[in-house]
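The values are calculated or read from the model by the stated rules, or taken from the named source; none is laboratory data. No experiment lies behind these values; they were computed from the predicted model shown. Glycine also receives a Cβ, built like all others from the backbone with ideal geometry; neighbour counts cover every protein chain displayed. Surface accessibility is based on the protein's heavy atoms, side chains included, excluding ligands, DNA and RNA. Shrake-Rupley method; radii C 1.70, N 1.55, O 1.52, S 1.80 Å.
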Amino acid sequence: MAQAASTARTVILTVDDDPGVSRAVARDLRRRYGESHRIVRAESGETALDALRELKLRGDQVAVILADYRMPQMNGIEFLEQALDVYPGARRVLLTAYADTNAAIDAINVIDLDHYLLKPWDPPEEKLYPVLDDLLDAWRTSDYRPVPTCKVVGHRWSARSSDVREFLARNQVPYRWYSSDTPEGQRLLSAAGQDGERLPLVITPDGTPLIEPADPDLAAKVGLATTPTSEFYDLVVIGGGPAGLGAAVYGASEGLRTVLVERSATGGQAGQSSRIENYLGFPDGVSGGQLTDRARRQAAKFGAEILTAREVTGLEVTGASRTIRFSDGSAISAHAVILATGVSYRQLEAPGLADLTGCGVFYGSALTEAAACQGHDVYIVGGANSAGQAAMYLSRGAKSVTLLVRGTSLAASMSHYLIQQIEEAPNISVRTGTVVDSAHGSDHLEQLTLRDVTSGHTELVDAQWMFVFIGAAPLTDWLEGTVVRDGCGFIPAGPDMTPDGQPPKGWELDRPPYHLETNIPGVFVAGDARAESAKRVASAVGEGAMAVMLVHRYLEQS
């Protein structure tokens, strides 16, 4: 039976069929929000709906609803879908076990889910309260209306449709997906005056139709910041992965006027990871998306400006000023620059793959496609941590997951904990000494030809899904002619740049370069783009913070 106080404070409602868990959630909520909100507790979906209807009749406001996913008679998604009819403006949170995250992702489209939390949420100060604080702030500032949602209409096997969904998801922009061959998809196309020849169609929350939008246009229309507010900053950080976000947090928190420029979405490769289990301070693991979201909010809290969908094409040095040029011809300048451009997955060279990229063949995790892999055979190319994390994530819903590894074992490139998990997963198999020889399909991937690297024997297998993680290429081509790079495109810095102790060519200062400083004074590099970097999330964050410390040292001596 629902427990409710008699005061007229705004309500936070929680429902869980396990009495112990229900009491624990209510206890943690009261400890933080009890003075300013009524905490209403229910132990079944039906009881919670009755409580919501009673609250509605009395004219009470409900700000947040937390529902457990696994409940008998009515699961959390079914309950939240009905709760929408009673309180459409309430923020919705699904409590899930680790094995149920696919259900939570599905719920984003079904019920406009605002967030999902993994159980257990201890300590609440880290895993529960920051999420609830943000949701309560959003509820208060939205005039209690539902979260504005984009609508995306596209073809199931369209590379650009997949890219748009991935862009919106990684930038935390709520959207609903409609296949162009469904009745609702056809209705939306007709309303926008389109016949379906040009896809995807994106309809923004204010009703504006966007036909085949480029990322910068899409970003601007959905409310992401794309235009700098100033022409000059203390620090420009290029790249929004762990190193760039770490630099933005520390730069802004220490008083530097900081702007972070990201060409796609913050988080980098780490932001696409389904699960990071060896990051310090998260013993239960954390998804790349959750880690990225926290870091982005943290940087914004300290005043860092974050620009999305802006491509940097050049770096110029004019006296003490460092100027960053964008692809549209505009520019901003700063006293110092941190290059945290990260890396991208290398393209797999095999006949047929280029035409099928985005149509069954994906580079990186493409988490937006995970739900569609349910019950299918999935192939993953690669033998490092990113491939292992994707295999574990996809194995929860896929019929089978096959890791294709060129080498003789996983031990050379994958963390031991991931190897153990893969060995224990009943539907994951590892084929070493195997490469993709070619891919086949008309409008989407249908078959793969696999080749044994030792014997040369080939085998044709049915496949609709393949995810590729085969090493990294640094995103540094735009620095040609300015910042020194090695033969692979990575950026040497500090002692790695001058192993003989001599300053780099053209260096004009009477001091040697600082540890993360490039051949241009005041331009630093951090994270995966740096030559000889560790290629780990923790080290990238650390380098971002260290680079800011060195920026301060540089500014003090300039």
Handout entry: Hey, Gly456 modelled with pLDDT of 95 or more and in a helix (DSSP H, G or I) or not
Key = no
Handout entry: Any hit, segment 210-224, residues being on the phi < 0 side of the Ramachandran plot, in contact with a Pro (Cβ under 9 Å, 6 or more places away or on another chain) and surrounded by fewer than 17 Cβ atoms within 10 Å (Cβ to Cβ)
Key = yes
Exercise for the section: Can you tell me which residue within segment 363-382, out of those that are assigned to a loop (DSSP other than H, G, I, E, B) and touching a residue at least 40 places away in the same chain (Cβ under 8 Å), is surrounded by the fewest Cβ atoms within 10 Å (Cβ to Cβ)? Expected result: Gln374
Exercise for the section: Hey, could you check segment 348-357 for residues that are in contact (Cβ under 8 Å) with a residue 24 or more places away in the chain and open to solvent by 10 Å² or more (accessible area, probe 1.4 Å) and say which is nearest to Ala472 (Cα to Cα)? Expected result: Leu348
Exercise for the section: Find all pairs meeting these conditions: Cβ atoms under 6 angstrom apart; at least six residues apart or on different chains; first residue within segment 436-451 and more than 18 Å from Arg156 (Cα to Cα); second residue open to solvent by 60 Å² or more (accessible area, probe 1.4 Å) and part of a loop (DSSP other than H, G, I, E, B). Expected result: Ser438/Pro351
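Just name the residue that is farthest from Gly319 (Cα to Cα) out of those in segment 485-527 that are among the aliphatic types (A, V, I, L, M) and at pLDDT below 95. Explain how you work it out, then say what you get.
Within segment 485-527, the subset among the aliphatic types (A, V, I, L, M) is 491, 493, 497, 509, 516, 520, 523, 525-526.
Filter once more, keeping what is at pLDDT below 95: 497, 509.
Values: Met497: 23, Leu509: 13 Å.
The extreme case among them is Met497.
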Exercise for the section: With the condition kept exactly as written, say whether any residue in segment 492-513 is surrounded by 21 or more Cβ atoms within 10 Å (Cβ to Cβ), under 30 Å from the mean Cα position of the chain (by Cα) and at negative phi. Expected result: yes
Practice task
Can you give me the number of residues within segment 414-431 that are crowded, with 16+ Cβ neighbours inside 10 Å and hydroxyl-bearing (Ser, Thr, Tyr)?
Solution key: 1
Handout entry: For Arg156: the one exception among (1) within 22 Å of the chain's Cα centre (by Cα); (2) surrounded by fewer than 16 Cβ atoms within 10 Å (Cβ to Cβ); (3) within 28 Å of Phe326 (Cβ to Cβ)
Key = (3)
Practice task
Answer yes if at least one residue in segment 105-125 is at pLDDT below 85, farther than 25 Å from Glu166 by Cα, of a type in the set (D, E, K, R) and surrounded by 14 or more Cβ atoms within 10 Å (Cβ to Cβ), and no otherwise.
Solution key: yes
Practice task
Out of the residues in segment 267-287 that are in contact (Cβ under 8 Å) with a residue 40 or more places away in the chain and not in a loop (DSSP other than H, G, I, E, B), state the one that is surrounded by the fewest Cβ atoms within 10 Å (Cβ to Cβ).
Solution key: Ile276
Handout entry: Test: Thr402 is among the polar types (S, T, N, Q) and surrounded by fewer than 17 Cβ atoms within 10 Å (Cβ to Cβ)
Key = no
Problem - Pro72 vs. criteria in a loop (DSSP other than H, G, I, E, B) and modelled with pLDDT under 85 - result: no
Problem - Verdict on Arg30 being part of a helix (DSSP H, G or I), charged (D, E, K, R), over 28 Å from Pro130 (Cβ atoms) and open to solvent by 40 Å² or more (accessible area, probe 1.4 Å) - result: no
Completion exercise
The number of residues in segment 435-464 that are in contact with a Lys or Arg (Cβ under 7 Å, 6 or more places away or on another chain) and under 19 Å from Leu356 (Cβ atoms) is 3
